[in-house]
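The values are calculated or read from the model by the stated rules, or taken from the named source; none is laboratory data. Keep in mind the model is a prediction, meaning the values are calculated, not measured. Cβ sites come from the backbone with ideal geometry, for glycine too, and all protein chains shown count toward neighbours. In case anyone asks, the SASA skips ligands and DNA or RNA and just uses the protein heavy atoms, side chains included. Shrake-Rupley method; radii C 1.70, N 1.55, O 1.52, S 1.80 Å.
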Amino acid sequence: MLNTKKFGDIAFRDKDFKNAIEYYSKLVAMMSIPSATVFARRSLSYLMNGQPELALRDAMQAQVCMTEWPTAFYLQALALSKLGMETDAQDMLNDGAAFEAKKQNSWRG
């Protein structure tokens, strides 16, 4: 399982999104506990491969894993924008920004 993640991460880093999707898909099938970062990376890979529907699905899965993770909202916004759903995309951007501001404020004290 670790090698599958490693190969997926290498493909992702090298912008080989087709292979990143393949490795991350294998990893998702093997995982007993879902990983927000794996779903987020596969989501971005789908976006870069021109598959916004699948990107949206994975971005939503990332949000299920980490309900207040701004990255999951930003990925959903990108996918929704690619699907022509501008109002929904703007809502996701606003939600992501709100969670990011909340996180920033909690760090300050």
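State the percentage of accessible surface on the chain attributable to carbon and sulfur atoms; use a 1.4 Å probe and exclude ligands, DNA and RNA. Reported share for carbon and sulfur atoms: 56 percent. Placing dummy labels 7 Å off each Cα toward the beta-carbon, the span from ASN49 to ASP16 is 1.4 nm. Counted as membrane-span-like here are DSSP H helices of the chain whose alpha-carbon atoms extend 15 Å or more along the helix's own axis and whose Kyte-Doolittle mean is -1.0 or above; these are 2-13, 17-30, 36-48, 52-65, 70-82.
When you count the other C-beta atoms within 10 angstrom of each residue and take the mean per peptide, 88-94, 40-46, 99-105 line up highest first as 40-46, 88-94, 99-105. Name the shape class, rounded, prolate or oblate, that the alpha-carbon gyration tensor gives for segment 1-59, where a ≥ b ≥ c are the square roots of its eigenvalues, rounded holds for a/c under 1.5, and otherwise prolate holds if a/b is larger than b/c and oblate otherwise. Oblate, since a/c reaches 1.5 and b/c is not below a/b.
Extension gain for ALA101 to LEU83 (0.36 nm times residue separation, less C-alpha to C-alpha distance): 3.8 nm. Given the alternatives [x] 39, 30, 24; [y] 38, 37, 25; [z] 35, 32, 22, Cα extents along the principal axes in Å as computed for this entry is given by [y]. Solvent-accessible area per residue in the chain equals 60 Å², computed with a 1.4 angstrom probe and all protein chains kept. Which of the GluC sites (Glu not before Pro) across segment 13-91 are loop residues per DSSP, with 14 or fewer other Cβ within 10 Å? For GluC sites (Glu not before Pro) across segment 13-91 that sit outside H, G, I, E and B with at most 14 neighbouring Cβ atoms in 10 Å, the list reads GLU68.
Among rounded, prolate and oblate, which fits segment 27-89 when a ≥ b ≥ c are the square roots of the eigenvalues of its C-alpha gyration tensor, a/c under 1.5 means rounded, and a/b larger than b/c means prolate? Oblate, because a/c is 1.5 or more while a/b does not exceed b/c.
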